[in-house]
Structure formats: C-alpha cells, structure tokens
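Reading through the structure tokens given below for one structure.
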Amino acid sequence: MVTAIATPNIALVKYWGKKDENLIIPMNSSISLTLDEQLKCIAEAEFANGKDEMVVNGKPARVDDYRVLDYVRKLAGIDKRFKIKSDTWFPVAGGLASSAAGFAAIAFALAALLEEEEGIELSIKDISRIARMGSGSACRSVLGGAVEWLAGTNDETSYAVQLVPFEGVELVDVIGILSHEEKKFSSRAGMQMTVKTSKLYRERMKTVGERIEKARAALKEKDYETLFAETMADSDSMHACMMDTQPPLNYLNEKSLEIIRRVNGLNEKEGRIVCGYTFDAGPDAHIITESKNAADAEKLFGGITDEIIIATVSCGPRVLG
Ligand code: PMV
C-alpha cells in the first residue's frame with residue numbers, strides 16, 4: 001500500500017467552464033498557489049482483487065469518481081483493480097474545497113503504487129492529467145508554488161506546470177471561514193449553466209487570456225501589486241458571470257461583501273494595493289498578501305469571523321510511504 005499527501009490550491013485567475021465535459025478541458029488557463037499542509041488530504045492506494053473500491057472521507061465515492069481509475073489503467077496500459085481510501089484533514093469545518101487536495105493525493109498515490117509495484121514511471125504531467133479527471137482544479141495541486149493549468153485543447157495538452165517554486169513566492173492566503181453551509185450548486189453543474197446562459201461570460205473569455213499573461217509575469221517578477229489587482233478583478237469577473245447565469249448563481253454572502261469593502265478600504269488607506277481578495281464557489285474569503293503583511297490581513301476579519309487560517313505556499317504533494 002502507498003500513502004500520499006496533497007493540499008488544496010487557491011486560484012488567482014479562475015477556472016469556471018469547460019470546453020469538454022468528459023475530459024475536463026477548461027475554457028481558459030488558470031493560475032493558482034498551492035497551500036500548506038494545515039489543509040491536507042491523505043490518500044492510500046493499493047491493488048485490489050475483484051473490483052475497484054474507492055472510499056472518500058468515510059463514504060463510497062461518487063460513480064463519476066471512478067473515471068480516474070479507468071483513466072489510469074488506460075494511461076499505464078494495465079488491467080488491475082484498485083483500492084483507494086482518502087481522508088481530508090482541515091482544522092475547521094468550513095466549506096473549503098477539498099476535492100482538489102483529494103484528487104491530487106489520489107493521483108499521487110496511484111502513481112507511486114504503479115512505480116513501486118509495476119515499475120511504471122508516470123511524469124508529473126501525467127499525474128496532473130489523472131488529477132484533472134477527478135476534479136479540474138485538482139490538476140494544479142500536484143505541483144507546489146505558483147502553478148498554471150494550461151487549458152490546452154485535448155487530453156494530452158491540458159495539464160499543470162509550475163510557474164515559480166514555493167521558495168520564490170512570498171505570499172500567504174489568509175482564509176476566513178464565513179459560512180458552514182453546504183454549497184448550493186456544485187461547481188460542475190454551476191459552471192455548465194454559466195457557459196450555457198451567460199452573455200457576460202463571452203466577454204470574460206475575450207480578456208481572461210490577457211489576465212493570465214499579466215498574472216504569470218507578475219508572479220515571476222514579484223510584482224505583487226499587479227498580481228493582487230488582477231486577482232481581485234478576476235474574482236469579480238467570475239462572480240459577475242455567476243450572477244449573470246440563468247437562474248443566477250450567488251455564492252457570496254453579506255460577510256463576503258463586507259470583506260471586499262474592507263480590503264478595498266485598506267488598500268485605499270495604504271495608497272497602494274497591499275492585498276487582494278478572491279472567492280471560489282462559496283462565501284469563504286481568501287485574502288492574498290505578502291507574508292510580512294499577514295497580521296494586517298487577519299485583522300480585516302475582526303468582528304466577522306475568528307475561524308481564520310493563515311496558509312503559506314507549499315512545495316506540493318509527497319509520498320509518505
Ligand atoms: O475543480 P472544480 O470542479 O472544483 O472547480 C473549481 C472552480 C473554482 O474553484 C471556483 C475556481 C478554480 O479555478 O479553482
């Protein structure tokens with residue numbers, strides 16, 4: 001049996017919408033930071049006799065999740081069955097996305113198992129493609145530091161690459177848990193509705209490529225003011241498209257909106273952009289800032305929540321044994 005650990009990532013330029021629903025090929029490239037092991041998923045993989053078995057957080061996996069195992073068999077050219085167990089470890093019971101860490105850990109554990117027991121060595125690109133088949137954003141969690149998921153056009157060309165190793169990213173994600181409710185719409189169903197019905201989304205598609213270029217350069221040059229500006233603009237753009245969906249998708253709550261006001265207020269007071277907010281398909285706030293400003297960002301949650309995680313940028317998944 002092989003065990004691997006992986007962590008979530010926070011997207012600074014978001015993925016919301018697919019060009020291929022079966023292969024999980026996104027409409028646009030996205031950029032993220034891989035977070036540290038305060039938030040983590042540990043996955044175990046072994047070969048099974050009989051049929052595939054997959055248990056996620058103590059419950060049987062969804063039928064869709066088994067696609068990952070078919071994909072691995074095809075990629076490795078083998079016909080064995082697998083037994084998978086994965087568990088998420090988060091310090092607070094928030095609605096933080098766990099599927100990215102989960103599928104990255106599963107992909108890593110499967111790759112390690114194939115290497116140890118079959119002598120089949122998969123590249124990091126292949127491991128990223130395996131994770132992608134579980135949950136799109138998971139393909140970015142197979143690498144540490146700052147990562148770009150190259151949208152590509154087909155299965156071969158859609159995978160993640162590292163932009164900057166973790167030592168070169170002096171940023172933290174100050175996460176405030178703002179709700180304990182379950183997500184109203186899964187991201188899979190939500191993004192499908194947006195692509196289908198939002199006119200604003202077509203406008204987003206015209207400019208998101210330029211934003212990727214800017215964010216990539218800003219990360220490499222440590223031009224964090226530009227990076228935070230692009231991060232906020234991209235979160236706003238994605239949530240505007242969500243609201244422009246029929247029926248509208250509103251993932252934010254009053255507390256999220258208050259955090260947006262406070263972040264803008266702090267940046268105005270400082271006379272420069274010292275931090276940027278971003279939100280996924282849920283109300284929890286992520287404030288991205290330079291490590292040295294983590295305490296100031298944390299203060300922005302005063303009176304709103306005391307469930308705060310200051311996540312640093314990590315080196316990515318590893319095999320535990
Ligand atoms: O990978 P999924 O299906 O959980 O989609 C996640 C999409 C967002 O978190 C909203 C954005 C992103 O790029 O992570």
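The values are calculated or read from the model by the stated rules, or taken from the named source; none is laboratory data. All values derive from a computational prediction rather than experimental measurement. For neighbour counting, all protein chains shown are included, and Cβ atoms are generated from backbone atoms with ideal geometry for every residue, glycine included. Side chains are part of the model used for accessible areas, which takes the heavy atoms of the whole protein and leaves out ligands, DNA and RNA. Shrake-Rupley method; radii C 1.70, N 1.55, O 1.52, S 1.80 Å.
Computed quantities for the displayed model
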item	result
Residue under evaluation ASN154, criteria (1) touching a Ser or Thr at 6+ places or on another chain (Cβ under 8 Å); (2) more than 29 Å from LYS292 (Cβ to Cβ); (3) polar (S, T, N, Q), criterion not met	(1)
Candidate set from region 150-163 (those that are within 16 Å of the ligand (Cβ to nearest atom) and touching a residue at least 60 places away in the same chain (Cβ under 8 Å)); member that is surrounded by the most Cβ atoms within 10 Å (Cβ to Cβ)	SER158
In region 286-314, residue nearest to ARG140 (Cα to Cα) [restricted to those that are of a type in the set (Val, Ile, Thr) and part of a loop (DSSP other than H, G, I, E, B)]	THR305
Answer residue from region 21-67, given it is basic (Lys, Arg) and in contact (Cβ under 8 Å) with a residue 12 or more places away in the chain and is farthest from VAL313 (Cα to Cα) among those	LYS51
Every residue from region 111-149 that is more than 13 Å from the ligand (Cβ to nearest atom) and outside any helix (DSSP H, G or I)	GLY119, ILE120, GLU121, LEU122, SER123, LEU143, GLY144, GLY145, ALA146
Members of region 25-63 that are more than 20 Å from ASP280 (Cβ to Cβ) and not in a strand (DSSP E or B)	ASN49, GLY50, LYS51, ASP52, GLY58, ALA61, VAL63
When residues of region 188-203 are limited to those that are away from the ligand (no atom under 13 Å from the Cβ) and charged (D, E, K, R), the one most open to solvent (accessible area, probe 1.4 Å)	LYS196
Subset tally (residues that are assigned to a loop (DSSP other than H, G, I, E, B), among the charged types (D, E, K, R) and either modelled with pLDDT of 95 or more or under 19 Å from the mean Cα position of the chain (by Cα) (or both)) for region 171-198	3
Checklist (1) acidic (Asp, Glu); (2) free of Cβ contacts under 8 Å to residues at least 24 places away in the same chain; (3) touching a Gly at 6+ places or on another chain (Cβ under 7 Å) applied to ASP79, failing item	(3)
Number of positions in region 164-176 that are among the aliphatic types (A, V, I, L, M) and within 16 Å of the ligand (Cβ to nearest atom)	1
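This table checks each residue for (1) more than 28 Å from ARG216 (Cα to Cα); (2) open to solvent by 30 Å² or more (accessible area, probe 1.4 Å); (3) outside the structural domain of ASP306 (by TED's automatic domain parsing).
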position	(1), (2), (3)
TYR15	no, no, yes
ILE25	no, no, yes
SER30	no, no, yes
LEU69	yes, no, yes
LYS74	yes, yes, yes
